[in-house]
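Notes for the one structure printed next.
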Amino acid sequence: MRKVKTALVGAGFIGPNHVEAARRLGFVEFVAIADRSEELAAAKAKSLNIPKAYGSIEALLDDPEVEIIHNCTPNEFHFPVAMAAIERGKHVISDKPLALNAADALKMVEAAAKKGVINALTFNYRFNPLIQQARVMVSRGDIGPIHYVHGQYLQDWLLFPTDYNWRLEKEGGASRCVADIGSHWCDLAGYVVGSRIDQVLADYTTVYPVRKKPKQARIAFAQASGAEEYVDYPIDTEDFASVLLRFENGARGAFSVSQVSAGHKNGLELEVNGGTGSLAWRQEEPNSLWIGRRTEPNAVMIKDPSLMDESVRGYAALPGGHGEAWADAFRNLMRNIYTFVSNGYSMETDRDKINFPTFADGLESNRIVEAITASAKAGGVWKKIER
Ligand SMILES: NC(=O)c1ccc[n+]([C@@H]2O[C@H](COP(=O)([O-])OP(=O)(O)OC[C@H]3O[C@@H](n4cnc5c(N)ncnc54)[C@H](O)[C@@H]3O)[C@@H](O)[C@H]2O)c1
């Protein structure tokens, strides 16, 4: 494998996880890091053992050694950072959501295509071994035609009014909970079922219309210390949402997302019901796939490469009984992206050679989130995804 020289932009919660996942491949070298200030970047570079630190994105993008960037900044910076990188001909791995709205996302898709840069989006849950297996089982008809797709993505990290994060601020976008975690659920549902969402109907609830914003900034998911000083901050985004779905293949769906459900940490769950069987997968117990049957006993498939379909066996790196989880799915995604980059593949001619989500998937997600939000704002009416 040709060694690929890469850089991290934004080293908060998810950034270092990108670094760890890509480093596990053995042919990716992180040469630089950028964050909000030189001090911050230098401290993060030291802790991650990355040689160069920049206090601005422009300085990092001007570094000729950098071939590709990981955009792990807060949502509002995804668009300007990616556009600046594309302008300089750098490949971009963006975390989700691709942009704050579908119009910006479309510009990103078009700019990347025009420059011919590799573009990827970290819909990482797709790369769990048993999600890959579920997708194959659905596509080969193991559970018959799909009629119902349902589930939830529940968290509790914003349960208290003193829980605070940039995601709550107006710059974070018109949707919060749906854009932040509903985007993952919708992507995963469409991926497993092999059909796009066509129409949505949503109800949004804001439990705390005013939150206590700490005067001192905190990174994502950090606990309030109790000793902080606060200011009141008005909130206009949803703490939880209930959404009905219609898929293009005729299947119906429903999901709940919440950031205020006590006891739920990263509770992403997906169930698919078909004419002859069901499949269900839970992110917090990713090594089991429940298989529901009416005419024979239900079963639980344990993640075991020897039992998985040959086409997706490579997504399980360890034998049965050796658990794999979130970080391993992230590594699988990075392996696919960086193999594409290292091989010198082109988005135009080689796209079908290696499986990873692109900016086009991010655009699709922005469109879905926008329609869900429009439905909720209109009082819960069906909205078609505008494409
Ligand atoms: N794929 C996933 O499962 C997943 C999980 C968590 C977060 N995310 C996404 O990753 C992104 C970052 O989320 P996070 O939880 O890591 O946030 P975070 O607040 O923990 O980290 C953001 C980092 O970006 C830096 N930053 C802020 N403004 C910057 C700027 N102008 N230039 C350079 N750096 C800047 C911050 O200092 C911080 O280091 C978000 O878009 C989020 O949606 C994805």
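The values are calculated or read from the model by the stated rules, or taken from the named source; none is laboratory data. Note that the structure is predicted; figures quoted are calculated from it, not measured. We place every Cβ from the backbone using ideal geometry, glycine too, and count neighbours over all the protein chains shown.
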Number of positions in segment 317-332 that are hydrophobic (A, V, I, L, M, F, W, C), in contact with a Ser or Thr (Cβ under 9 Å, 6 or more places away or on another chain) and surrounded by fewer than 15 Cβ atoms within 10 Å (Cβ to Cβ): 0
Within segment 271-316, strands (runs of 3 or more DSSP E) holding 1 or more residues that are loosely packed, with under 12 Cβ neighbours inside 10 Å and modelled with pLDDT of 95 or more: 299-302
Tally, over segment 127-162, of residues that are within 16 Å of the ligand (Cβ to nearest atom) and within 19 Å of GLY323 (Cβ to Cβ): 3
May I ask you to verify whether ALA254 is at pLDDT below 95 and of a type outside the set (Asp, Glu)? no
For segment 62-93, give me the residue count where each residue is more than 16 Å from ILE33 (Cβ to Cβ), buried (at least 21 other Cβ atoms within 10 Å of the Cβ), more than 12 Å from the ligand (Cβ to nearest atom) and among the hydrophobic types (A, V, I, L, M, F, W, C). 1
Kindly indicate whether any position in segment 116-126 is within 16 Å of the ligand (Cβ to nearest atom), within 21 Å of GLU29 (Cα to Cα) and not in a strand (DSSP E or B). yes
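Being small (Gly, Ala, Ser) and more than 11 Å from the ligand (Cβ to nearest atom) is the filter here, so list the residues in segment 8-27 that pass it.
Answer for segment 8-27, where residues must be small (Gly, Ala, Ser) and more than 11 Å from the ligand (Cβ to nearest atom): ALA22, GLY26.
Mind checking which residues of segment 355-373 are among the polar types (S, T, N, Q), assigned to a helix (DSSP H, G or I) and more than 20 Å from THR206 (Cα to Cα)?
Of everything in segment 355-373, those that are among the polar types (S, T, N, Q), assigned to a helix (DSSP H, G or I) and more than 20 Å from THR206 (Cα to Cα) turn out to be SER365, ASN366.
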Considering segment 217-247 alone, what residues qualify as being assigned to a loop (DSSP other than H, G, I, E, B) and either assigned by TED's automatic domain parsing to the domain that holds CYS72 or away from the ligand (no atom under 16 Å from the Cβ) (or both)? SER225, GLY226, ALA227, GLU228, GLU229, ILE235, ASP236, ASP239
Does segment 333-342 include one or more residues that are surrounded by fewer than 15 Cβ atoms within 10 Å (Cβ to Cβ) and at pLDDT 95 or above? no
Scan of segment 51-97 for residues that are over 29 Å from ARG367 (Cα atoms) and in a loop (DSSP other than H, G, I, E, B), ordered by number: PRO51, GLY55, SER56, ASP62, ASP63, PRO64, GLU65, VAL66, GLU67
Quick check on my filter: what residues within segment 163-199 are within 10 Å of the ligand (Cβ to nearest atom), within 14 Å of the chain's Cα centre (by Cα) and either among the polar types (S, T, N, Q) or more than 26 Å from PRO80 (Cα to Cα) (or both)? SER183
Which residue, of ALA227, ALA217, is under 20 Å from GLU76 (Cβ atoms), exposed (fewer than 15 other Cβ atoms within 10 Å of the Cβ) and at pLDDT below 95? ALA217
Can you tell me how many residues within segment 37-61 are within 19 Å of ALA22 (Cα to Cα) and either more than 11 Å from the ligand (Cβ to nearest atom) or not assigned by TED's automatic domain parsing to the domain that holds GLY89 (or both)? 9
